[in-house]
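Values in this text are rule-based calculations from the coordinates and carry no lab data. A quick note: this is a predicted structure, and the numbers were derived from the prediction, not measured. Virtual Cβ from ideal backbone geometry, glycine too; neighbours counted across all protein chains shown.
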Amino acid sequence: MSRKPHILIVEDEEAIRSGLIDVLHYHGYTTDAAADGRQGLEMALSGKYDLILLDVMLPGMDGFEICNRIRVQDREQPIIMLTAKSQDEDIIQGLQLGADDYVSKPFSVAQLVLRIQAVLRRSRIGIETDNTIMLCDDHHIDIRNMSGRLGGREVVFTRREVEILQYLSMNTERPVSRDELLNKLWGYAKNLDLETRTVDIHIAKIRRKIEADPAHPRFLVTVRGAGYRLMVA
C-alpha cells in the first residue's frame with residue numbers, strides 16, 4: 001500500500017483550517033496543522049511534509065518570512081501560498097520568495113485540490129536532462145544541484161526555476177508559450193490571468209539571476225506573441 005502524501009496546513013482561521021483538514025482527508029491526504037507562524041515554521045523545517053499550504057497573514061510570523069526561511073534550508077520543498085484575493089502584491093511577493101503556486105481566497109475546493117495534485121505530481125518527477133546548461137563559455141547552470149556560475153558569480157535556483165530552464169533547454173529550437181509552460185510544468189490544462197502572471201514572475205526571477213541586464217535579456221528572450229526561448233551556446 002502506497003504512503004499517503006503528508007500535507008502541513010499553516011492557517012490561523014479555525015474555520016478555514018478545519019475545512020482544509022476535512023477536504024484533504026476526504027481526498028486521501030494526511031495532514032498536520034499549525035495556527036500561528038512560529039509553530040508553522042518549526043513544523044515546516046522538520047522536513048517531513050510532501051507539501052505545505054501556507055497562509056500569508058499569520059500571527060507571530062507571516063507566511064512570507066516562513067517561505068523565505070524554508071527556502072534557505074530546502075529549495076525543493078513544495079509550497080502553495082494562500083492569499084487574499086484583492087492583494088495581488090501578496091501573490092507576486094510569495095512567488096518571488098520561491099512558492100510553487102498560490103491560491104486566492106476565497107477559493108474553490110476543486111481548484112485547490114487540482115493545484116495540490118499538480119504540485120505534488122511535479123515534485124515526484126526527477127530532474128532529468130544533461131547535468132549542465134551552457135549559456136556561453138562563462139555562463140553555465142548545474143541542473144541537478146540547482147545552482148550556476150555566471151561570469152564568476154554563484155547563483156542558486158529554486159526547483160521551479162530549474163524546471164523552467166530545463167524545459168526551455170530541451171526546446172531551444174522554438175519559443176515556448178505560457179500556456180505550454182503552465183500545462184507541462186504547473187499541470188494546468190487551461191490558464192487564467194493570474195496563472196499567466198505566475199509564469200511571467202518566474203521568468204523575471206530567472207532573468208534577474210542569469211542576465212547582466214534583465215531589461216534587455218541575452219539568454220532568456222521573449223518572442224513576441226509566441227512565448228519564451230532560451231538561447232544557448
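Things to note:
- Failed item, numbered, when Ala99 is tested on (1) assigned to a loop (DSSP other than H, G, I, E, B); (2) surrounded by fewer than 17 Cβ atoms within 10 Å (Cβ to Cβ): (2)
- Inside the range 102-123, residues that are of a type in the set (Phe, Trp, Tyr) and loosely packed, with under 15 Cβ neighbours inside 10 Å make up a count of 0.
- Answer residue from the range 1-41, given it is within 22 Å of the chain's Cα centre (by Cα) and acidic (Asp, Glu) and is nearest to Ile66 (Cα to Cα) among those: Glu11
- Some residue of the range 175-184 being closer than 27 Å to Leu120 by Cα, among the polar types (S, T, N, Q) and in contact with a strand residue (DSSP E or B) (Cβ under 6 Å, 6 or more places away or on another chain): yes
- Pairs where the first residue, in the range 216-230, is part of a loop (DSSP other than H, G, I, E, B) and the second is surrounded by 12 or more Cβ atoms within 10 Å (Cβ to Cβ), C-beta under 6 Å, 6+ apart: Pro217/Arg207; Pro217/Glu211; Phe219/Leu135; Phe219/Ile210; Phe219/Met231; Ala226/Pro175
- Long-range neighbours under 7 Å by Cβ, at least six apart or interchain, first residue on the phi < 0 side of the Ramachandran plot within the range 13-26, second surrounded by 12 or more Cβ atoms within 10 Å (Cβ to Cβ) and charged (D, E, K, R): Arg17/Glu11; Leu20/Glu11
- Only one of the numbered conditions (1) under 19 Å from the mean Cα position of the chain (by Cα); (2) free of Cβ contacts under 8 Å to residues at least 12 places away in the same chain is not met by Ser46, and that is (1).
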